[in-house]
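Each remark here refers to the structure printed beneath this line.
The values are calculated or read from the model by the stated rules, or taken from the named source; none is laboratory data. Bear in mind that the values here come from a model prediction, so they are computed numbers and not experimental data. So basically every Cβ, Gly included, is an ideal-geometry build from the backbone, and we count neighbours across all protein chains shown.
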Amino acid sequence: MTQFSQPTPDEIIKLVKGQEEATKDLRQRMQDDYDWYRLHWTDDRQEATADGYQTYRTNEPRTFAKRVISWLTTADMTVRVPLDEMQTMERKQASLLEQFVIGALRAVDKNLTATMMPSLRDLLAFYITVRGRYGGRAMLVKEEDGSTSVNVNPFDPLHTFYGIGGKGLKWCVYRQTRTHDEIEAEYGILVPGSSGGNETGKLGLATYDYYDGQVNGVCTKDTWLKPLAPHYSPSIPIFMGVVGATPPVEAMDGGGDGADKQDAFVDFGESFADENREVWDNFNKTMSDTMTLVRRSVKPPSVFKSRDGAKVPSSDPYREGSVVSLRLEEEFKSMELLKMSLDTGPFMAQVSGEMQRGSIPHSVYGDLQFQLSGFAINTLRQGVDASVAPRIVAKESALSQIARLLVIQYATGGFASLTLSGRGMDRRFFKRVFLPTDVDPNAHIEITLAAKLPQDEMQRFAMAQIAREGKTPLLSGRTTRDTILKIQDVDAEEDIIREEIAEVASPTAMLYSLIQSAQERGRPDLVAIYGQELQELLMQKAIARQAAMMGLGGAPPTNGGSPQPGPASVPGTPPEVMPNAMMGQPPPAPTPQGGPNVPPNTPRPGAQGQ
């Protein structure tokens, strides 16, 4: 009998506290980055000053983050199992596996939206962009009625704790603050404090969702909400990863102390703000000072001279139409306004340039002072790739891990059959029952995302045209569509092209396609017209074929478009010199003599004499 691990709530909390202490700088960085995303910025000088200073908050952090999130969520997803060396049956099995992954991810989105949560791809895009990491659980769950549901829930990396062993992830805990009412509604347990003094149920309580390679359970600091139970997955059902290529870097002295301290984890998995934190801070400070001087020009500081220096104007002297009454010895005047340094303009230009180099060019937002060439646009696009590409790779890795976890769990055969639906790589909708034998846990699944980045579309098509010109093209049609035109499903596109070529080359295929289109649009009148023309065309071809076979002078029979000799033809003899008998035709009738019949040596009528 298998012996399962049985940690106590106290042991689980100790694991969490230990890693939280070791990664506190990393988690503080995550919280600060989220403050940038929320545009929550304050300056120490402004906090210490009561009034008289303005606060400027640039929307650059949120705008940049939302643009990256948008690129991640709208990227075209392709699920492929490589088919290069597969036989026919293997290709069908691979197609079923692709449909299973697509349908499972669609079922995840359906379950998430039912709980008022964003879709799986939206959640992954947010955490990857704002937190710089991703993680969560991917499980198949047996429901009470015996059915199977797909349960994938991304975790907030700020509250996710884990341990790594020699072969990978050993344990994972997701800490979440829940109200007593939420706990009672989900687990049916009245935890201490849920009644009596806390009638509103608004008091938060930390819950710990624990996973390892064998069991899963949910607890509070002293109570099991969901007792430990096997999750029946061959491995720990957790997917996890970081953004970027930076590893945990340790300083030469082990990290140091004080201001020189270097944390090995604080840069491990960077967010959208990795290059611009200080730049945004300097930009906000300088813009706040500029805004303060602009506001002071509306109501500048003033001097009111009086006998005892205690008198102040009874009304606002800067209000329109105001009247200030002064004694002879009293004087009121505005103080000279402060001016920004002459170096402010170049400094702000430098800061703005660094902001663009650390995020994305302003031209992406349509801020163009002049028309740009295709080369200039592609040069700017390289900066966009630097910000988006690492996050695209991270999201591809997350989706691939989710797909593999679901496939290996379903292939065990311990779950009821799933009915999944979706739109396959051929853009056709499917809905079918998948059996555990339909998925191969050892298959290689490739999930790729193609972000819709700004670029010169006409230049891409011009490059594709150049690559295909000449007797010997530089690139094959498949490579051109894949690498230059960035078409999502090249196989499906090639199939559509072949179908269109076949319709143009064959009148029969074209009429059949028109009939199908008219049926889909609900035009029975056109269906009848095209159907009659198709019958006439088929009848003409049948008559011509029969005439050729019978040797009645019709068109020679064809086989795949190549003329075939008739039954009476002689190999090697041109048809032009064959007698009619060899062609299977009767001899021609003799040409009748013109004019009347007369005896021999009779002169021709009307002939001139000698």
Worksheet item: Scanning for something modelled with pLDDT of 90 or more and surrounded by fewer than 16 Cβ atoms within 10 Å (Cβ to Cβ), does segment 446-462 turn up at least one residue?
Response: no
Item to complete: Please verify whether segment 185-197 includes one or more residues that are under 35 Å from the mean Cα position of the chain (by Cα) and modelled with pLDDT of 90 or more.
Response: no
Worksheet item: Here is a list of conditions, (1) in a loop (DSSP other than H, G, I, E, B); (2) under 25 Å from the mean Cα position of the chain (by Cα); (3) modelled with pLDDT under 85, and LYS471 meets all of them except one; can you say which number that is?
Response: (2)
Worksheet item: Here are some residues: THR73, THR115. Which one is at pLDDT below 90 and of a type in the set (Ser, Thr, Tyr)?
Response: THR115
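Sort through GLY241, GLY256 and tell me the only one that's of a type outside the set (Lys, Arg) and modelled with pLDDT under 85. Break it down into steps so the answer makes sense when it comes.
Details: GLY241 fails: modelled with pLDDT under 85.
On inspection, the qualifying residue turns out to be GLY256.
Among residues belonging to segment 6-21 that are more than 15 Å from ASP209 (Cα to Cα) and more than 34 Å from the chain's Cα centre (by Cα), point out the one that is surrounded by the fewest Cβ atoms within 10 Å (Cβ to Cβ). Give the derivation first.
Taking segment 6-21 and keeping what is more than 15 Å from ASP209 (Cα to Cα), we get 18-21.
Now narrow it down to the ones that are more than 34 Å from the chain's Cα centre (by Cα): 18, 21.
Working: GLY18: 12, GLU21: 8.
Among those that are more than 15 Å from ASP209 (Cα to Cα) and more than 34 Å from the chain's Cα centre (by Cα), it is GLU21.
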Worksheet item: Taking SER271, is it modelled with pLDDT of 85 or more and under 21 Å from SER397 (Cα atoms)?
Response: yes
Discussion item. For GLY52, only one of the following conditions fails: (1) over 27 Å from ALA411 (Cβ atoms); (2) at pLDDT 90 or above. What is its number?
Written reply: (2)
Response to the item:
Reported set for segment 280-334 where residues are surrounded by 12 or more Cβ atoms within 10 Å (Cβ to Cβ) and in contact with a strand residue (DSSP E or B) (Cβ under 7 Å, 6 or more places away or on another chain) is PRO300, SER302, PHE304, LYS305, LYS311, PRO313, PRO317, VAL324, LEU326, GLU330, PHE332, SER334
Item to complete: Would you mind finding the one in ASP267, ASP281 that is assigned to a helix (DSSP H, G or I) and closer than 28 Å to LEU158 by Cα?
Response: ASP281
